[in-house]
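Notes to accompany the following structure.
Values quoted throughout were computed directly from the atomic coordinates according to the rules given, and no laboratory measurement underlies them. If you're wondering where the values come from, they're calculated on a predicted model, not measured in any experiment. In this analysis, Cβ positions are derived from the backbone assuming ideal geometry, glycine residues included, and neighbour counts consider all displayed protein chains.
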Amino acid sequence: MAKKRVNFAEQHLEKGVVGITAIALLGVAFLYLVKTPNVIEENGENFGPGDYDKKVLLVRVENVKKALISKPSDPDPIPDYVRRFKKKHETGVSSGRLAQTWTSVQPWRPTVPPAVGTKPKAPDQILLTRVVPPQKPVVMTGLSTFKDVPVEAIDSDDEFSEDEWDDLLERDRSWVTVFATFDLEAQKDEYRRAEYDLERFAIIVGQVRLQRQVQLSGGQWDKWEDAKTWTSYQPVRPPELELIQQNDGYKVKQKQLVKLKRYHELLEVFQPELKQPPPPYRSAGNKWCLAYFPDINWCTLDIDAAGMAADDEEDGCNPYLAEFAKCLPPDAEGKSKKALTPTEQKRQNRLKAARQMKEIKLLIKAGTYPDLIEAERLISEVKKNPDAPRRVKVEADKLYARILPDIEEMYQKMQSEEDPDEPDATAPLDQSHTVVWAHDIPVKAGHVYRYRIAVDLYNTYVDQYDKLKDMDAASSVFVRGEWSEPSDPVEVAPESAFFVSRVDGENVRIDIYKWFRGRVFNQRIDIQPGQPIADRDFVKIKGLRGRKVVDYDTGYVLLAAEESKKVRVRETVGRDGGFQYSEESAPSIYAVDADGNVVERNKLLDQTRQRRWSAMAKK
């Protein structure tokens, strides 16, 4: 067999492949170990990974350290995570999301169930609440001389000097004040029915509106008209809100939000003046006083026991309302009109002591701590009664000695059992009612009016466009209240009166009476039909410098006169209160005012009213 011959290529092929592989390996090693293929360009220079860390990154770190040491930066604000957490997971009146989002968290406050028949609403489905109407108003009227004080801003601190105060003008004006109670609990029920959040339950009065009706000559009532109520200040007007659209919804301009916050603060600070504006300063005439409400204690009305300052009055009486006098109850006021003789006063004091002793025994029999405290107070009044019999005072002393140990024992027991977490039992709690009033000054004297009143509340959802169904409602600063039912009719005290004295053909003699600076002055004039029933005269008033001009203008013009007109006169007969009518003749006149109202004056029919005015003129 012939031997196979191997050529040169086949003989050295494996060696060539090994050599080429070795050269490639050496090239890769040189490329990665000696010279890197990864280059980073920085500021026109190329750096490898190792050089970049040393020459670039480490230099930056050192520069940052030096900057921090030389000028420390302000720390970033920490978000209010607690507020966000509460807002997201709290359970208010209408919130039912807690169980769905965070099953292990308990409510931050007790859940208030919604009103019967309502379902929790979505945050953007809330409607503004209804503002309940005040209860039936109580009306007071009078005629007084007021200082004409300039109107200033409600938050003004300017005060008049003594000279400036003396130089203020005085004006005689008929006035009406309308009082009404506002049910706070009923308003809170409306908040619950509207499914308000609990933090928006605040009842802040923004303004009190007043309307009146005048009774026409036929006895019917005219249409309701707004009464421009009198105040000694000019309230701050609420800002008008203008919306701007942003990525996350509608917002109010920042400047307007600042004004809104300032306005909200003013409303809270000046709640007494807004709900219960002070009357004008009176120098003469009828006195103004707080109306009588059986269930209202003016001393403790609207007191915030928790917010009282340490230097407030010890008895905890509202310092704002303590400045005003309180009207007597209607029955007590009627009894006080007639002056009692010393004998009648003594008899009344004795009867009062006897009634109080009877009440004291019933209170002691009840035996509770409040009853014993009331009995102690009545015993003190009996002992101070100058006309109480001696035996009654001795018995009162014995009863006091009997109940004093029980009072002290009950007091010590209450102190020992008192829970420090419980509210103070003597501190006024949340009251169910407040009182609002408004002054109608001036009004037309001699007219008969009836009034109704409404309360507008601050909208606690103002600027909350993401929570209300109606966006326009979030732009309203006030929520308008409903009108109360009409008050009883009231006749405004007249400032003047005139009566016929004599008629002689075309010549008529008239007596005019005019209320001026706390007194009634009278003047007799002679006029003819077609002439105004008016006159002017100078008078001297005690306490005032110089002579003052009294304007006897009644606002009427004499139309016609009759020397003798037959009228029916009622006369009392006997002592049993019976009466009879008789026909007599007396002079009469007819007069008309600027509104076209015609009145008649007859000497016989008006003699009772004229005696009353004459008696006031003699004082």
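Values as computed for the structure displayed
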quantity	calculated
Label zone at V549, where the point sits 7 Å out along the Cα-to-Cβ direction: the stretch 506-537 residues whose backbone N lies under 13 Å	535-537
Cα gyration tensor shape for the stretch 496-618, rounded if a/c is under 1.5, else prolate or oblate	oblate
Among 478-484, 133-139, 407-413, 173-179, the order from most to least packed when residues are scored by Cβ within 10 Å on average	173-179, 133-139, 478-484, 407-413
Cross-link pairs K188/K469; K326/K361; K566/K618; K326/K444; K147/K287 - those with Cα-Cα distance over 22 Å	K326/K361; K566/K618; K326/K444
Ordering of 286-298, 451-463 by burial proxy (mean other Cβ atoms within 10 Å per residue, highest first)	451-463, 286-298
Gain on full stretching of the segment that runs from K228 to E482 - 0.36 nm per residue minus C-alpha separation	89.6 nm
Zone of L169's modelled label, taken as backbone nitrogen in the stretch 532-560 under 16 Å from a point 7 Å along Cα→Cβ	549-551
